[in-house]
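Here's the structure, in structure tokens; my notes come after.
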Amino acid sequence: MATISPAPGAQIARYNRNRRSSLAVWWQEIDQGLLILVLILMAIGAVAVAAGSPASAKRLSTAHEKLPDLYFFWLGVRWQLVGLVAMFGVSTMSRENARRFGILLGGAMLFALVLVPLVGSEVNGAKRWLRFGISLQPSEFLKAGFPILLAWILSWKARDPKMPVIAICFAIMAMLAALLMMQPDFGSTMLFGCTFFVMILLAGMPLKRIGQFGGLGAVLIVLMYFTYSNGRNRINNFLFGGQAFDQVDLAQRTLLNGGWTGRGFWMGVRKFALPEAHTDYIFSVIGEEFGLLACMVIIFLYLGLLTRVMLRLTREEDLFTVLAASGFAAQFGGQAFINVLVNLQLFPSKGMTLPLISYGGSSTVAMCLCVGLLLAITRRNPFIERERFSLGAIGERS
């Protein structure tokens, strides 16, 4: 007997119902508080870039081309839209698919880093970009894959305790550090190194190994000082004065120029002397125009984001998820911490952006990918969680 196909209208209605159902499940399973905090930071970032854009546009304008005051603001909004699409798209993945995507992305970006010294483009004395029609900075996108790749390898130990997972991770980190220092990019090397240290610490590395790792890190920093001229100059300038110190000092003066409540939007004057008002020193622009209270709010938002991730992991039993999410949190918090310290004249200039707030193409999209993957791997069914909690409470009473 012939079957009768549903009418097109019925098929469309069924598709719309399924789509609404999938979105409802996604909204129930992701960490809604984390998503809201990220969106707030991105909104603050759009306003902050609008405040810093006139200073950077004026500095980069030439006699033949005058950039509009809001040039970097409109570009930044476009990159934010691209980042939001990437973030929401990745966050809808299942935990397994997000793991696979992160591993592939991490491997691809490590391979891209190998290509950078060979065919990369040099800008301001640093070779960090690949140009294939668009500019791509592999080290930025590696931030989205590195914690997942490392967590995947470290989780092998749960299946076979004899596997040398720590040694494998050390080899990957050593290769990554060598590739980054060839660019050179000491700031990213430090950030990935700190993320690596947090993850292997949580994976249960013995205290003896921790001490060995700390000693090796100190030796490498000393070697860097004597062999890496750019890093040595930055440290010397920070300690003894120089051009780099002048930039950091100027950033601190700009930050404090607004007092507690700020001079008002577009009323800042010191920002016009900053070398990178819309990227590296955006925190100082916020301090001058919106005040130290606004800076404190931003710091609390970052702390809230990190706290939210840690609280999310308190009931997590999967080793891979705990390690990957902790790696993302360490990476995100470390980058924000370094940027704020540079603007406060407490750390040498590193050329590191403020996550989700500074202007950037690769950095904005990469950070959104990090958030999307973090939301995906920490997805949980709230009804199952309530049932487990109820059963646990009953077990305790009995």
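What follows is calculated from the coordinates using simple rules that are stated; it is not laboratory data. Please read all numbers here as calculations on a predicted model, not as lab measurements. Glycine gets a Cβ as well: all are built from the backbone with ideal geometry, and neighbour counts include every protein chain shown.
Using a cut-off of 13 Å between beta-carbons, work out the net charge of the residues near residue 153 (Lys and Arg +1, Asp and Glu -1, residue 153 not included). Provide the component values of the computation, followed by the final result.
Numbers: positive: 99, 157, 159; negative: 160.
Computed value for this residue: +2.
Most tightly packed first, judged by the mean number of other beta-carbon atoms within 10 Å of their residues, the peptides 366-373, 252-259, 306-313 read 366-373, 252-259, 306-313. Start at zero, step by 5 Å, and the Cα-Cα distances of segment 41-184 spread as 2, 8, 12, 14, 15, 16, 14, 8, 5, 3, 1, 1, 0, 0 percent across the bins.
Compute the normalised compactness of segment 32-377: alpha-carbon radius of gyration over 2.2 N^0.38 Å, N being the residue count. Can you show the working numbers first?
Working: Rg = 20.0 Å, N = 346, 2.2 N^0.38 = 20.3 Å.
Compactness ratio reported: 0.99.
Partner lysines whose Cα lies under 21 Å from the Cα of residue 162, excluding those fewer than 8 positions away in the same chain, are identified as 208. Putting +1 on Lys and Arg Cβ atoms and -1 on Asp and Glu Cβ atoms, find which of 61, 293, 81 reaches farthest to the positive end of the dipole of segment 32-377. Ranked along the dipole, the leading option is 81. Ranked by the mean number of other Cβ atoms within 10 Å per residue, highest first, peptides 205-214, 28-37 order as 28-37, 205-214.
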